[in-house]
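Take a look at the structure below.
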Amino acid sequence: MTIDVQQYLVRQEPYYQPQGREVQLYEAAYRNRLPVMVKGPTGCGKSRFIEYMAWKLDRPLITVACNEDMTASDLVGRYLLEADGTRWIDGPLTTAARIGAICYLDEVVEARQDTTVVIHPLTDHRRTLPLDKKGELIVAHPDFQLVISYNPGYQSLMKDLKQSTKQRFAAFDFDYPDADLETAILAREAGIAAELAGRLVKVGLAARNLKGHGLDEGISTRLLVYAAKLINDGVDAADACRMALVRPITDDADIRDTLDNAIDAIFG
Ligand SMILES: Nc1ncnc2c1ncn2[C@@H]1O[C@H](COP(=O)(O)OP(=O)(O)OP(=O)(O)O)[C@@H](O)[C@H]1O
């Protein structure tokens, strides 16, 4: 079976605003085919960064959003029953290992423990992927690279990655961009004026200060982009902020009121 590699290529340069030296450091990790882990809160630019790197390195990118029901078979592949027998279907990890893609496992901690068993041999000198059910051992394509993301804030002790897994990766710490960078990102992503973007960033900062004081997580850059897009579409700024920034992140009436007041002060 031939695999259409083209479908996994990132064709257009994704807009990515670097926060530091992560682009050069990632290139060095890739040259050495080191597995990479990107850590940080939701919506802070991790996926965008990996997409950008795949484009820059001209590698196909296969992204898998992991969830708690995901098993090793979902990554590796399985036999399908068909009218005239069974047929093996490669999972996304297997496809990536065969074609030399960057395989990005988003929120890998969410997946069941048996998934770590399959990624381990891919992340050390062996660079192999055993397809036990099929009786095949794949040697990863020389260009293959494994990337995982995880949000340390969400993990409980039960769900943290094991040291034996962590210590197979080079890691990048991500966080929300600083105010100037985030302003530039909002202006560019939504096509709004820098002054307006700056005000949205202030709302973001107000919410991030409440993390640990009633909020589990601050407002992400992703949500700020949503608000910016709504405003660009003609929605009143305060309405856009309430809808895109406050309502998604809290069900607590006090926190909601605090943030709504901050919005009125910033846009009033
Ligand atoms: N450095 C950046 N350059 C350009 N856009 C950015 C950057 N950081 C964040 N963004 C914007 O924020 C959005 C969310 O980022 P992204 O999807 O990469 O989040 P994430 O960290 O992968 O989140 P999750 O962990 O939930 O998958 C992007 O779609 C983009 O609009």
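The values are calculated or read from the model by the stated rules, or taken from the named source; none is laboratory data. Remember, it's a predicted structure, so these values are computed and weren't measured experimentally. Glycine gets a Cβ as well: all are built from the backbone with ideal geometry, and neighbour counts include every protein chain shown.
One residue alone among GLY204, GLY212 is outside the structural domain of GLY45 (by TED's automatic domain parsing) and modelled with pLDDT under 95, and that residue is GLY212.
Can you spot a residue in region 224-247 that is in a helix (DSSP H, G or I), closer than 14 Å to ALA179 by Cβ and without any contact (Cβ under 8 Å) to a residue 40 or more places away in the chain? Checking region 224-247: not a single residue is in a helix (DSSP H, G or I), closer than 14 Å to ALA179 by Cβ and without any contact (Cβ under 8 Å) to a residue 40 or more places away in the chain.
Residues in region 188-201 that are away from the ligand (no atom under 11 Å from the Cβ) and buried (at least 16 other Cβ atoms within 10 Å of the Cβ): ILE192, LEU196, ALA197, GLY198, ARG199, LEU200, VAL201.
Within the set PHE267, PHE174, the sole residue that is more than 14 Å from the ligand (Cβ to nearest atom) and buried (at least 17 other Cβ atoms within 10 Å of the Cβ) turns out to be PHE267.
Applying the condition of being crowded, with 16+ Cβ neighbours inside 10 Å and out of contact with any strand residue (DSSP E or B) (no Cβ under 6 Å at 6 or more places or on another chain) to region 209-221 and asking which residue is nearest to ILE185 (Cα to Cα) yields THR221. In the set (1) crowded, with 16+ Cβ neighbours inside 10 Å; (2) touching a Pro at 6+ places or on another chain (Cβ under 8 Å); (3) polar (S, T, N, Q), THR115 fails one condition alone, (2). Can we say ALA253 is free of Cβ contacts under 8 Å to residues at least 24 places away in the same chain and more than 16 Å from the ligand (Cβ to nearest atom)? So ALA253 fits the description; yes.
Listed here are the helices (runs of 4 or more DSSP H) enclosed by region 1-106 that have at least 2 residues being among the basic types (Lys, Arg) and either surrounded by fewer than 17 Cβ atoms within 10 Å (Cβ to Cβ) or away from the ligand (no atom under 15 Å from the Cβ) (or both), and there are none.
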